[in-house]
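Asks: What follows is a structure written as structure tokens; I'll ask about it next.
The values are calculated or read from the model by the stated rules, or taken from the named source; none is laboratory data. What you see is a predicted model, and the numbers here were worked out from it, not measured in a lab. As a convention, Cβ positions derive from the backbone with ideal geometry for all residues, glycine included, and neighbour counts pool all protein chains shown.
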Amino acid sequence: MHIDIITCLPKLLESPFSDSIVKRAIAKGLVKINVIDLRAYATDRHRSVDDYAYGGGAGMVLMVEPIDRCISDLKSRRTYDEVIYMSPDGEPFRQSLANALSLKQNLIILCGHYKGVDERVREHLVTREISIGDYVLSGGELAAAVVTDAIVRLIPGVLSDETSALSDSFQDNLVAPPVYTRPADYKGWKVPDVLLSGHEAKIEAWRHEMALERTRQRRPGLLADNPDEPGNIPAGER
Ligand code: SAH
């Protein structure tokens, strides 16, 4: 997979991909992540990529021209499955979308800044808009890092034990069961006996039951096929 991230603040994306699982995925050649400085596509000698908003008001807007030049340049080198714009009013990012994107070959992720990007970018150049939650960040970089991380760990071969992604929260519409490691007894705080039993089927059943119970308690809305689960909390009170 090849991911091109367009940003006017490339420094913000230096560390998220230089450690742990994403770093390993890059080293194994399973993904290539390119951080592209939008300023390289500016047309004036000040390397401006933003300007005042038409109609007035506070806040600068990223201009259409450098973004168009940048995306055109990238597209001259390869075909992209999606040109994604990170935006608070985009489609909410969920595991199901991470799963779908992890199967793609080439992605562009565009980070906005200030007031966002000129609307014509969204109308003519972007194929998909993603939000990482109902709050406003100063720029799309952290959001792009979140999306990239969630996608990359799902690429086959990235996690050493591939089944471990399948047992994470939100796969199967359940949150994950609790996990423990040594020691079995710490200050009298004990690990559940079943996990020490060595009985695989019982452990599996316990984990499934705990995942269900947690989902009922914390995220009843995930149990879509069972909306009348006892303990279901109305949306406004979650
Ligand atoms: N004026 C815009 C917010 C701009 S925030 C509005 O009210 O909708 C600046 C940039 O940060 C955006 O262009 C976007 O790329 C990014 N951003 C902010 N919050 C985000 C979120 N929740 N999800 C994804 N990207 C976000």
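Asks: Condition check: on the phi > 0 side of the Ramachandran plot and aromatic (Phe, Trp, Tyr). Does TYR135 satisfy that?
Replies: No, not satisfied.
Asks: Same structure, new question: Consider the stretch 140-162. How many of its residues are crowded, with 17+ Cβ neighbours inside 10 Å and under 10 Å from MET86 (Cα atoms)?
Replies: 5
Asks: I need the full set of residues from the stretch 4-33 which are without any contact (Cβ under 8 Å) to a residue 40 or more places away in the chain and either surrounded by fewer than 12 Cβ atoms within 10 Å (Cβ to Cβ) or farther than 20 Å from LEU74 by Cβ (or both), in order please.
Replies: LYS11, GLU14, SER15, SER18, ASP19, SER20, LYS23, ALA27, GLY29
Asks: Looking at the stretch 41-58, is at least one residue outside any loop (DSSP other than H, G, I, E, B), within 15 Å of the ligand (Cβ to nearest atom) and among the aromatic types (Phe, Trp, Tyr)?
Replies: Looking for residues that are outside any loop (DSSP other than H, G, I, E, B), within 15 Å of the ligand (Cβ to nearest atom) and among the aromatic types (Phe, Trp, Tyr), one finds at least one in the stretch 41-58, hence yes.
Asks: Related question: Which of the residues that make up the stretch 79-118 are surrounded by fewer than 18 Cβ atoms within 10 Å (Cβ to Cβ), within 20 Å of ALA53 (Cβ to Cβ) and either in contact (Cβ under 8 Å) with a residue 60 or more places away in the chain or more than 7 Å from the ligand (Cβ to nearest atom) (or both)?
Replies: Scanning the stretch 79-118 gives TYR114, LYS115.
Asks: On the basis of being at pLDDT 95 or above and part of a loop (DSSP other than H, G, I, E, B), does PRO227 make the cut?
Replies: Taking the combined requirement at face value, the residue does not satisfy it.
Asks: Okay, moving on. Within the stretch 119-155, which residues are without any contact (Cβ under 8 Å) to a residue 60 or more places away in the chain and within 16 Å of ALA25 (Cα to Cα)?
Replies: Scanning the stretch 119-155 gives VAL146, ALA150, LEU154.
Asks: Let me ask you something else. Which residues, taken from the stretch 127-166, are among the hydrophobic types (A, V, I, L, M, F, W, C), part of a loop (DSSP other than H, G, I, E, B) and within 11 Å of the ligand (Cβ to nearest atom)?
Replies: Within the stretch 127-166, ILE132, VAL136, LEU137 meet the criteria.
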